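Here the structure comes first, spelled out in C-alpha cells, and everything after it is commentary.
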Amino acid sequence: MTVRQTHRWYGVAAAAFFAAAAGVLASRPAILLVGVVGVGYAAYARLTTAPEVSVTLERTVSDPEPAPGAAVEVRVSITNTGEPLFDLRVVDGVPPALDVIEGSPRLGTALRPGKTAAFSYTVEAKRGRHEFGPATLLARDASGAEERELEQGVETTLTCLPSLPPAGPTIPLRPQTAQYTGPVPTTSGGAGVEFYATRKYRPGDAMTRVDWNRLARTGELSTVEFREERMATVVLVIDARQSAYASDAEGTPALEHAVDAARTMTTSLLDDGHQVGIAAFGAEPCWLAPTTGEDQRAAIRRLLAVHPGLKPTPPAAQIVVSRRVRELRRQLPANAQVIVLTPLLDDYIATIAGRLDAYGHAATVLSPDVTGSSSPGQRLVGTERGLRIERLRGNQIPVIDWTPADPLEQALGMARERQP
Amino acid sequence: MSHVKDILASFGAVLVGLGLLFVLQPGLAAALPIPRLTLVVIGLLAAVEGIRSVQRRRGSEIAGAELPDPEFGIETDPPGDDFDTRIARLSTRRGWIGGDFDRVENRLRTAAVSVVAARYGLSKREARERIEAGSWTEDPVAAAFLGGPTVPQPPLEVRLRIRLGTTPKFQRYVDRTADAIAATWEAR
C-alpha cells in the first residue's frame, strides 16, 4: 500500500497567503477575505487524510474454461466495508496475454459504507492458463491532496485448452527408428513390403522369403529382403526463448505458430502409431517423455496449452539454454529423433539443432517464418534466417520453412518431396 | 503529530470563527486595540508563508498514481525491430563512434560475407575480399559503407541527396547496405 501527497494544493496556498498579506498590509478587507477563503481550502487539504480503504472484491467469469477466441465476460463487484470513500478508482488485473474487446476494466466511483459497485468487461480467450492479477485501488480524500494506492487480490483463473486437430498430414520423418514395427522406412533390410535387396540364404530364414525363381535359375539359395518399416520416437522441441516471441505482421508471436504446428504434428504422429514427446526451451523446464496412446494425446494437448514453459507472454529474463540442452540430452531416449520448432532468429538454436543431430538424435527443423520486409532491420533478419536455413540444409538437417499464412500441410508436402 | 495537528486545527477554526464574527460585526474589530505594527508583522508572515508555499511547489511535481493499462495484452515486436531501433538511436547521436556502431557494422558485414559467398559460390575469404573491393553490389552507398579505403565515395549527387534528406546519414547508409544484402540474397 502506498500513501502519496499529490501536492496539488501548494499553488492555491501560495496565492492565498499572498492575497492575505496584500489585504493586511494594504488594509483592504475584501482582498484579505479572498486570501482567507484560499487559506481555508489549503488548510482543509493539509488537515484531511486519504481514507482507510476496506473493501471486498468479487470477480466472476462467464466461462472459466472457454474455447480459443471465445468472448468471456468478466464481472467485478466491489463492496465498501469501511468508511465512506469519496473518490475510489479501480483498475482490474486483466491477465497480460488477454485483450479487452468490450467494456472497460476500470471503475471510478464514490462508495458509501455497505454499498456495492460493479462493472463488467469482455476479454477474448487465448491459449493458456490466465490468472487475473490483483485489482489496483486508488482512494483519495475529498480534497484530493492525499491518495492511497493498494492492490486487492481475488483468485480467478481462465483456462483455455485448444483441441488437437482431428486429423493431420503425414510428417516427413528422418529414417531413424525405434525397435518396434511402424510406418517409418529404414535403411536396413528385413521384414516389410518394399523390395530392398537379396542376400545369401541363412538357416532360419522364412520359407516365404526364399527367392525360388533364382533357385530354379541358378541353383543358389537366396533370401529376399524387404525394407524394414518401424515406429519412430519423435520429440517435438519447442523454442520458447524470448526471441521466439517475435511476432509476424498480424502481431501473432512465432511461438503461437509453433504450438499450433506442434498440435497438428502430434495428431499426425500419434495417428500413425509413433511415440511422441514434447520438450521446450522456455521460462520453465518442460519435458514430456515420448509414448503413444490416448492418454499421451490428452497430456500433450494440456501441456501445449498451459505449461508455464510455453506461456503466451515472453519470459522476463534471459533463459540459460545450455543447461536445458544438457537436461534434454539426458532425457531423450537413445533412438529418439527431434523436430525443433523455432523461428530461427538466432544462430544459437540452429547450433543446438545441429548438436542434437550430431549426438545421434536425427533432427528436423520446422520454422514458422515471421520475418517481414517493411524495414531494413526486418529484411536483414529475414536474410540472416535464410542463411541459417541454408547452413542447416548443408549439414543434412532438413528444414521445413513454413509461412504461417499458408497451410502447414503445404510446407510439409514440399518437405516430403525434398526427402531423399 | 496528529495531536498537534488537531490542536492547531482547532485554534485555526476558532480564529476563522472570530474573523467571521468581525466580518458580521465590524464594530467589534474596531474595539480591539491592534496596533498597526502587529498588522504589518502578520501581513509579512503571510507573505513569507506564501513564498515558502511557492518554494515547496517549485521543489515538487504534482504526484499521482500511475494506473496500469490492462486493456491490451502484451504485444511483442516483429523480428528486426531491435536493429531498426538501435540504428535510429545511433543516428541521433553526434559522431557515431563506439561499440554500438561496431556491432552494427560487424553484423552487416557478417551477413554480407555469407550472402556474397552463397550468391557467387565463393569461399568466405574471397567474399570478404570482394566486399572490401566494393564490387559485390551495384549500390555505391552499400559498397562504400562496407568497402575498404580504395572503394570510391558514392557520387556527389547521391551524397548530396543523402545529406539533404530527412533521414540521418548513418541510418541511410545502414538501410541501403541492409537492402543491398537482402537483394543479393534474393538474387542468388
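Could you check, for region B:144-160, whether at least one of its residues is touching a Phe, Trp or Tyr at 6+ places or on another chain (Cβ under 7 Å), closer than 20 Å to B:Asp102 by Cβ and not basic (Lys, Arg)?
Residues of region B:144-160 touching a Phe, Trp or Tyr at 6+ places or on another chain (Cβ under 7 Å): B:145.
Among the residues that remain, those that are also closer than 20 Å to B:Asp102 by Cβ are: B:145.
Filter again for not basic (Lys, Arg), leaving B:145.
Yes, because at least one residue in region B:144-160 is touching a Phe, Trp or Tyr at 6+ places or on another chain (Cβ under 7 Å), closer than 20 Å to B:Asp102 by Cβ and not basic (Lys, Arg).
Go through (1) modelled with pLDDT under 95; (2) under 24 Å from A:Arg330 (Cβ atoms); (3) under 12 Å from the mean Cα position of the chain (by Cα) for A:Thr233 and report which single condition fails.
It fails just one condition, (3).
Write out, first by first residue and then by second, each pair whose Cβ atoms fall under 6 Å of each other, whose residues are 6+ apart or on separate chains, and whose first residue, in region B:118-136, is under 17 Å from B:Ala182 (Cα atoms) while the second is modelled with pLDDT of 90 or more and among the charged types (D, E, K, R).
The qualifying pairs are B:Trp136/B:Arg130.
Got a sec? Which of B:Phe72, B:Phe83, B:Phe170 is among the aromatic types (Phe, Trp, Tyr) and out of contact with any helix residue (DSSP H, G or I) (no Cβ under 6 Å at 6 or more places or on another chain)? Walk me through how you get there before you give the answer.
Working: B:Phe83 fails: out of contact with any helix residue (DSSP H, G or I) (no Cβ under 6 Å at 6 or more places or on another chain); B:Phe170 fails: out of contact with any helix residue (DSSP H, G or I) (no Cβ under 6 Å at 6 or more places or on another chain).
Exactly one of B:Phe72, B:Phe83, B:Phe170 is among the aromatic types (Phe, Trp, Tyr) and out of contact with any helix residue (DSSP H, G or I) (no Cβ under 6 Å at 6 or more places or on another chain), namely B:Phe72.
Yes or no: A:Thr81 among the polar types (S, T, N, Q), under 26 Å from A:Val306 (Cα atoms) and away from chain B (no Cβ under 12 Å)?
Values: among the polar types (S, T, N, Q): yes; under 26 Å from A:Val306 (Cα atoms): no; away from chain B (no Cβ under 12 Å): yes.
The answer is no for A:Thr81.
How many residues does region A:368-380 hold that are within 19 Å of the chain's Cα centre (by Cα) and part of a loop (DSSP other than H, G, I, E, B)? Spell out the reasoning first.
The initial filter retains those residues of region A:368-380 that are within 19 Å of the chain's Cα centre (by Cα), namely A:368-371.
Those still in the list that are part of a loop (DSSP other than H, G, I, E, B) too: A:369-371.
Of the residues in region A:368-380, 3 are within 19 Å of the chain's Cα centre (by Cα) and part of a loop (DSSP other than H, G, I, E, B).
Report, by residue number, each residue of region A:22-56 that is closer than 30 Å to A:Val154 by Cα and touching a Gly at 6+ places or on another chain (Cβ under 8 Å).
Here is the first cut: in region A:22-56, the ones closer than 30 Å to A:Val154 by Cα are A:49-56.
Once the filter is applied, which keeps residues that are closer than 30 Å to A:Val154 by Cα and touching a Gly at 6+ places or on another chain (Cβ under 8 Å), region A:22-56 yields A:Pro51, A:Glu52, A:Val53, A:Ser54, A:Val55.
Take the residues in region A:1-32 that are facing chain B (nearest Cβ under 7 Å) and of a type in the set (A, V, I, L, M, F, W, C), then tell me which one is surrounded by the most Cβ atoms within 10 Å (Cβ to Cβ).
To start, the set of residues in region A:1-32 that are facing chain B (nearest Cβ under 7 Å) comprises A:4-8, A:10-11, A:13-14, A:17-18, A:20-21, A:24-25.
The next check asks that each one be of a type in the set (A, V, I, L, M, F, W, C); those that pass are A:13-14, A:17-18, A:20-21, A:24-25.
Values: A:Ala13: 23, A:Ala14: 22, A:Phe17: 24, A:Phe18: 20, A:Ala20: 26, A:Ala21: 23, A:Val24: 23, A:Leu25: 17.
By that ranking, first place goes to A:Ala20.
Would you be able to say whether some residue in region A:78-99 is on the phi < 0 side of the Ramachandran plot, under 30 Å from the mean Cα position of the chain (by Cα) and of a type in the set (Ser, Thr, Tyr)? Step through it out loud before you land on a result.
Residues of region A:78-99 on the phi < 0 side of the Ramachandran plot: A:78-99.
Still in the list and also under 30 Å from the mean Cα position of the chain (by Cα): A:90-99.
Among the residues that remain, those that are also of a type in the set (Ser, Thr, Tyr) are: none.
No, region A:78-99 contains no residue that is on the phi < 0 side of the Ramachandran plot, under 30 Å from the mean Cα position of the chain (by Cα) and of a type in the set (Ser, Thr, Tyr).
So, in region B:134-188, of the ones that are assigned to a loop (DSSP other than H, G, I, E, B) and among the small types (Gly, Ala, Ser), which residue ends up nearest to the other protein chains (Cβ to nearest Cβ)?
First, pick out the residues of region B:134-188 that are assigned to a loop (DSSP other than H, G, I, E, B): B:134-139, B:147-155, B:165-168, B:187-188.
Narrowing further to those that are among the small types (Gly, Ala, Ser): B:134-135, B:147-148, B:165, B:187.
Details: B:Gly134: 19, B:Ser135: 19, B:Gly147: 18, B:Gly148: 22, B:Gly165: 15, B:Ala187: 12 Å.
Residue satisfying both the conditions and the ranking: B:Ala187.
Hey, which of the strands (runs of 3 or more DSSP E) in region A:255-367, taking only ones fully inside, have at least 2 residues that are buried (at least 24 other Cβ atoms within 10 Å of the Cβ)? Walk me through it before giving the result.
Working: elements: A:275-281, A:285-291, A:337-341.
So the answer is A:275-281, A:337-341.
Take the residues of region A:101-112 that are more than 12 Å from every other protein chain (Cβ to nearest Cβ) and either part of a strand (DSSP E or B) or at pLDDT 95 or above (or both): which is nearest to A:Arg302 (Cα to Cα)? Quick ask: steps written out before the conclusion?
Of region A:101-112, the ones more than 12 Å from every other protein chain (Cβ to nearest Cβ) are A:109-112.
Of the ones still in play, those that are also either part of a strand (DSSP E or B) or at pLDDT 95 or above (or both) are A:109-111.
Numbers: A:Thr109: 41, A:Ala110: 44, A:Leu111: 43 Å.
If we take residues in region A:101-112 being more than 12 Å from every other protein chain (Cβ to nearest Cβ) and either part of a strand (DSSP E or B) or at pLDDT 95 or above (or both), then A:Thr109 is nearest to A:Arg302 (Cα to Cα).
Can you spot a residue in region B:105-115 that is assigned by TED's automatic domain parsing to the domain that holds B:Arg130, of a type in the set (Val, Ile, Thr) and at pLDDT below 85?
Initially, region B:105-115 is screened for residues assigned by TED's automatic domain parsing to the domain that holds B:Arg130, giving B:105-115.
Now restrict to residues that are of a type in the set (Val, Ile, Thr): B:110, B:113, B:115.
Checking which are at pLDDT below 85 leaves us with none.
No, the conditions are met nowhere in region B:105-115.
Restricting attention to region B:29-57, which residues are at pLDDT below 80, more than 7 Å from every other protein chain (Cβ to nearest Cβ) and part of a helix (DSSP H, G or I)?
B:Ala29, B:Ala30, B:Ala31, listed by residue number.
Quick check on region A:35-46: of everything there that is buried (at least 17 other Cβ atoms within 10 Å of the Cβ) and aliphatic (A, V, I, L, M), which residue is farthest from B:Gln55 (Cα to Cα)?
Among those residues, the one meeting the criterion is A:Val36.
Take region A:123-144 and flag every residue that is under 30 Å from A:Val306 (Cα atoms), out of contact with any helix residue (DSSP H, G or I) (no Cβ under 8 Å at 6 or more places or on another chain) and more than 11 Å from chain B (Cβ to nearest Cβ).
Of region A:123-144, the ones under 30 Å from A:Val306 (Cα atoms) are A:123-137.
Within this subset, residues satisfying the condition of being out of contact with any helix residue (DSSP H, G or I) (no Cβ under 8 Å at 6 or more places or on another chain) are A:123-126, A:130-137.
Matches in region A:123-144: A:Ala125, A:Glu131.
Restricting to region A:368-420, give me the number of residues that are closer than 21 Å to A:Glu256 by Cα, more than 14 Å from chain B (Cβ to nearest Cβ) and among the aliphatic types (A, V, I, L, M).
6
The values are calculated or read from the model by the stated rules, or taken from the named source; none is laboratory data. As the structure is a prediction and not an experimental result, all values here were calculated from the model. Methodologically, a virtual Cβ is constructed for each residue, glycine included, from the backbone with ideal geometry; neighbour enumeration extends over all protein chains shown.
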